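A.B. asks: Please find one structure pasted underneath; my questions will follow.
The values are calculated or read from the model by the stated rules, or taken from the named source; none is laboratory data. Keep in mind the model is a prediction, meaning the values are calculated, not measured. Methodologically, a virtual Cβ is constructed for each residue, glycine included, from the backbone with ideal geometry; neighbour enumeration extends over all protein chains shown. Areas reflect the complete protein model, heavy atoms only, side chains present, ligands, DNA and RNA absent. Shrake-Rupley method; radii C 1.70, N 1.55, O 1.52, S 1.80 Å.
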Amino acid sequence: MDDDTSSVRLEVWSEGDAGLLSALNAPESTVHLGGPETEEQLVRRHRRYVGMSADGTGAGRMFRIVLLPEEVVVGSIGFWAQTWDGEAVYETGWAVLPGFRGRGLATAATRAVVAEARAAGRHRHLHAFPSADNAASNAVCRKAGFELLGERDFEYPPGNPMRCNDWRFDLG
Ligand SMILES: CC(C)(COP(=O)(O)OP(=O)(O)OC[C@H]1O[C@@H](n2cnc3c(N)ncnc32)[C@H](O)[C@@H]1OP(=O)(O)O)[C@@H](O)C(=O)NCCC(=O)NCCS
C-alpha cells in the first residue's frame, strides 16, 4: 500500500478555522452529509472542534488540511470517540474544498489521520462511515487501507436515515 502523506500537513483546529468550516458547508460539499448546517450549528461545531484541540486525553482531535508546499488550507479531517456495536472506537471524517479535489489530498490526509489516531492510542479501531453512494469517499477509504466490513443503516444528522459503508482500520 502506498502510504505517502507528503502532499499535506495536518494542523490542529484553532480559532481561525471558522471560515474553513463555513466554506465546507456549501450545498455541493454536504450532499452526502444531510445538507448545509445552520449558522448556529456551525458555531457550535467550531466551538466543539476548538475544545477538542485543548483536550489531551486522546478522545479525539480535528485538523485543517494544509497543502504542501503551497501552504494553502484545503480541507478538514479528524477523529473522535464513538461507540459502535458495543465497542469503544474512533471514527473519522473528512472534506476537501471543491477546487482541490481529485489530487489525492483526502487520501493523503486520511493516511495522516490514521497515524494521529494511532498515536492518541485510546482505541484499537478507526471507523469511517461514508454514504454508500459517496463514490469519492469510499475510494478514499479503500486507497488509505481501510477494510470494508459491509453496509449499515446510519442516521446523520440525527433523524436523517442513510445507508453507509462501514470501513475499519486496525490501529493495533
Ligand atoms: C470525499 C472527498 C473528501 C474526496 O476528496 P479528494 O481529495 O478529491 O479525494 P482523493 O483525490 O484523495 O480521492 C478521490 C478518489 O475518489 C475517486 N472519485 C472521485 N469522484 C468519484 C466518482 N464520482 N466516482 C468514482 N470515483 C470517484 C477519484 O477517482 C479518486 O480515486 P483515484 O485516485 O483512484 O482516481 C471530497 O469529494 C469531498 O470533500 N466531498 C464532500 C464532503 C464529503 O462527502 N465528505 C465525506 C464524508 S465521509
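A.B. asks: Taking the conditions exactly as written (open to solvent by less than 10 Å² (accessible area, probe 1.4 Å) and either among the small types (Gly, Ala, Ser) or in contact with a Cys (Cβ under 8 Å, 6 or more places away or on another chain) (or both)), does Ala119 satisfy them or not?
C.D. replies: When the stated conditions are applied, Ala119 does not pass them.
A.B. asks: Condition first: at pLDDT 95 or above and assigned to a loop (DSSP other than H, G, I, E, B). Now tell me which residues in region 158-172 satisfy that.
C.D. replies: The answer is Leu171, and nothing else.
A.B. asks: In the list Glu155, Glu91, Glu151, which residue meets the criterion of being open to solvent by 30 Å² or more (accessible area, probe 1.4 Å) and modelled with pLDDT of 95 or more? Let's see the steps before the verdict.
C.D. replies: Working: Glu155 fails: modelled with pLDDT of 95 or more; Glu91 fails: open to solvent by 30 Å² or more (accessible area, probe 1.4 Å).
Only one candidate passes the filter, namely Glu151.
A.B. asks: With the requirement that a residue be in contact with a Phe, Trp or Tyr (Cβ under 9 Å, 6 or more places away or on another chain) and exposed (fewer than 11 other Cβ atoms within 10 Å of the Cβ), what does region 158-167 give you?
C.D. replies: Pro161
A.B. asks: When residues of region 4-32 are filtered for being charged (D, E, K, R) and surrounded by fewer than 16 Cβ atoms within 10 Å (Cβ to Cβ), how many remain?
C.D. replies: Within region 4-32, the subset charged (D, E, K, R) is 4, 9, 11, 15, 17, 28.
Then keep just the ones that are surrounded by fewer than 16 Cβ atoms within 10 Å (Cβ to Cβ); that gives 4, 11, 15, 28.
Looking only at that region, the number is 4.
A.B. asks: I would also like to ask the following. Any residue in region 33-55 that is open to solvent by 60 Å² or more (accessible area, probe 1.4 Å), modelled with pLDDT under 95 and within 13 Å of the ligand (Cβ to nearest atom)?
C.D. replies: yes
A.B. asks: If we only count strands (runs of 3 or more DSSP E) wholly inside region 56-142, which ones have 3 or more residues that are over 16 Å from His32 (Cβ atoms) and in contact with an Asp or Glu (Cβ under 7 Å, 6 or more places away or on another chain)? It would help to see each step written out before you state the result.
C.D. replies: Values: elements: 60-67, 72-84, 87-96, 125-128.
Answer list for region 56-142: 60-67, 72-84.
A.B. asks: Name the pairs whose Cβ atoms lie under 7 Å apart, with the first residue in region 136-151 and under 15 Å from Trp94 (Cβ atoms), the second within 8 Å of the ligand (Cβ to nearest atom) and β-branched (Val, Ile, Thr), and 6 or more positions between them or separate chains?
C.D. replies: Val140/Thr107; Val140/Thr110; Lys143/Thr107; Ala144/Thr107; Ala144/Thr110
A.B. asks: Please go through (1) under 13 Å from the mean Cα position of the chain (by Cα); (2) within 11 Å of the ligand (Cβ to nearest atom); (3) open to solvent by 10 Å² or more (accessible area, probe 1.4 Å) for Gly104 and return the number of the only condition it doesn't satisfy.
C.D. replies: For Gly104, the exception is condition (1).
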